Amino acid sequence: MKFICSRTNLIKSINIAQRAVPVRSSMPILSCILVQAFDNGIFFQSNDMELCIETRLIGTVLETGILAIEAKMFSEIARKLPEEEVVITTNERDQVLIVSGSARFHLMGQNGDEFPGLPEITREEGISISQYSLKNIISQTIFCTLPQDQNLMLTGEYFEIDGSELRVTALDGHRIAIRRSLLNQDCGKKSVIIPGKALSEISKILTGEIDDRVTFYFNGNHVVFLWEGTTLVSNLIDGNYFNTSRMISSEYQTQMVVNRQRLISCIDRAALFVRENDKKPIIFDITDRNLNLSIETPLGAMSEDVSIAKEGRDLMIGFNPKFLMDALRAIEDEEVTMYFINAKSPCTIKDLQNSYTYLVLPVNFLR
């Protein structure tokens, strides 16, 4: 195998492929990036047996071939190459030669035939969405998923397609995030649970341009995303997702409209007195035209007033400041409307267009 490419494109392709290289694995071959040089192009592939990524490297193929190269060393060499043009050559003994200017790097590869390939997936009835929309939807919901080693259902996000509407839901037992987006075509009815890990990696790779598209397909136990020469395939989470419509009430006793950035700033100041394992809540005291935020911990105390527009009853309620901040930062509106039932029921934050809904459970407090 022999091909020529630029250092810039090499680093870009390695960075994309590396996202599906496992940190630890009982299969040494999985610590590699599979390099494939065909007549129709150069492809880098990685696989951790749950997530698989293939991306196309822009370059010129001089000799076809296939070889697996240890990902960490490959990446470190690429970043330290002295010149823009790079020539990569392999031989029948699985040896790799990387040449850039006067620098020559030699390393051993592994037989590419041992590398697990992309799952065979039928690509029918694809769903197309702009990179900008998908990247935003993920960033505005992913914080409500749990880490991989916890409750499996809570580590994923629920994707529902209903005609031309995409609804994405995430929850972690303390809060719920729901985002809706309109698609440019009728895609029927579909629903799957996509692992948060896959969505997080997609969000990091996407450029987020409005005019660039992503197409994704659901097929059996897998979802495949395609964009700009990159293919990402992920296992799906099996099971029935939670019925979140039963968790979100349409009846409220108190409604509050507040400047979002002003509220974020106040909560941020209050959070100065909260350490990572501290469960002290920030307390909202909601009265006519005024919201008083206060917090008291062993480190100190803080109190601040914010002007609001209120309808309904006065209310005093406590929250985990981080959970509120995550939701408020995911919203782009200048003002937000917050709905409350009582001090023991969740707060709901939503807009009139129903494009987003966030629910945050309260925290008990003593006064």
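The values are calculated or read from the model by the stated rules, or taken from the named source; none is laboratory data. Predicted model, so just to flag it, every value in this text is computed and none were measured. With ideal geometry, Cβ positions are generated from the backbone for all residues, glycine too; neighbour counts draw on all protein chains shown.
If you take the residues in the stretch 1-42 that are hydroxyl-bearing (Ser, Thr, Tyr) and surrounded by 15 or more Cβ atoms within 10 Å (Cβ to Cβ), which one is farthest from Ile66 (Cα to Cα)?
To start, the set of residues in the stretch 1-42 that are hydroxyl-bearing (Ser, Thr, Tyr) comprises 6, 8, 13, 25-26, 31.
Imposing the further condition that a residue be surrounded by 15 or more Cβ atoms within 10 Å (Cβ to Cβ) reduces the set to 6, 13, 31.
Details: Ser6: 19, Ser13: 16, Ser31: 16 Å.
Checking each candidate, the answer is Ser6.
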Q | Qualifying residue in the stretch 197-217 (condition: within 17 Å of the chain's Cα centre (by Cα), among the polar types (S, T, N, Q), part of a strand (DSSP E or B) and under 15 Å from Ser130 (Cβ atoms)) | A | yes
Q: Pairs only if they're at least six apart or on different chains, beta carbon under 6 angstrom, first in the stretch 306-321 and free of Cβ contacts under 8 Å to residues at least 24 places away in the same chain, second surrounded by 14 or more Cβ atoms within 10 Å (Cβ to Cβ) and assigned to a helix (DSSP H, G or I); list them, first residue then second.
A: none
Q) surrounded by fewer than 18 Cβ atoms within 10 Å (Cβ to Cβ), acidic (Asp, Glu), outside the structural domain of Tyr339 (by TED's automatic domain parsing) and touching a helix residue (DSSP H, G or I) at 6+ places or on another chain (Cβ under 8 Å) - does that describe any residue in the stretch 211-231? A) yes
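Could you pull out the residue among Glu120, Glu157 that is outside the structural domain of Ile69 (by TED's automatic domain parsing), without any contact (Cβ under 8 Å) to a residue 60 or more places away in the chain and assigned to a loop (DSSP other than H, G, I, E, B)?
Details: Glu157 fails: assigned to a loop (DSSP other than H, G, I, E, B).
None of the other options fit; the residue is Glu120.
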Q) Here is a list of conditions, (1) without any contact (Cβ under 8 Å) to a residue 24 or more places away in the chain; (2) under 32 Å from the mean Cα position of the chain (by Cα); (3) in the same structural domain as Met27 (by TED's automatic domain parsing), and Arg93 meets all of them except one; can you say which number that is? A) (2)
Q: Can you tell me which residue within the stretch 308-355, out of those that are among the polar types (S, T, N, Q) and not in a strand (DSSP E or B), is surrounded by the most Cβ atoms within 10 Å (Cβ to Cβ)?
A: Asn320
Q: Being in contact with a Leu (Cβ under 6 Å, 6 or more places away or on another chain) and not in a helix (DSSP H, G or I) is the filter; apply it to the stretch 107-117 and report the residue that is nearest to Arg180 (Cα to Cα).
A: Phe115
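If you go through the stretch 166-189 one residue at a time, how many are assigned to a strand (DSSP E or B) and surrounded by fewer than 14 Cβ atoms within 10 Å (Cβ to Cβ)? Don't jump to the end; show me each part of the working.
Here is the first cut: in the stretch 166-189, the ones assigned to a strand (DSSP E or B) are 166-171, 175-182, 189.
Next cut, surrounded by fewer than 14 Cβ atoms within 10 Å (Cβ to Cβ) only: 182, 189.
So the answer is 2.
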(Q) Among the residues that make up the stretch 267-279, is at least one of them in a strand (DSSP E or B), touching a residue at least 12 places away in the same chain (Cβ under 8 Å) and not assigned by TED's automatic domain parsing to the domain that holds Cys144? (A) no
Q.
Tell me the residue from Ile77, Ile88 that is in a strand (DSSP E or B) and either assigned by TED's automatic domain parsing to the domain that holds Asp186 or hydrophobic (A, V, I, L, M, F, W, C) (or both), please.
A. Ile88
Q) Quick one: which of Ile283, Ile237 is touching a residue at least 60 places away in the same chain (Cβ under 8 Å), closer than 30 Å to Phe216 by Cβ and not in a helix (DSSP H, G or I)? A) Ile237
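I need the full set of residues from the stretch 140-152 which are assigned to a helix (DSSP H, G or I) and surrounded by fewer than 17 Cβ atoms within 10 Å (Cβ to Cβ), in order please. Before you say what the answer is, go through the steps one by one.
Just the residues of the stretch 140-152 that are assigned to a helix (DSSP H, G or I), to begin with: 142-144, 152.
Answer for the stretch 140-152, where residues must be assigned to a helix (DSSP H, G or I) and surrounded by fewer than 17 Cβ atoms within 10 Å (Cβ to Cβ): just Leu152.
Being of a type in the set (D, E, K, R) and touching a Lys or Arg at 6+ places or on another chain (Cβ under 6 Å) is the filter here; which residues of the stretch 79-133 pass it? Give the steps one after another, and end with the answer.
Step one: filter the stretch 79-133 for residues of a type in the set (D, E, K, R), giving 79-80, 83-85, 92-94, 104, 113-114, 120, 123-125.
Of everything in the stretch 79-133, just one residue is of a type in the set (D, E, K, R) and touching a Lys or Arg at 6+ places or on another chain (Cβ under 6 Å), namely Glu84.
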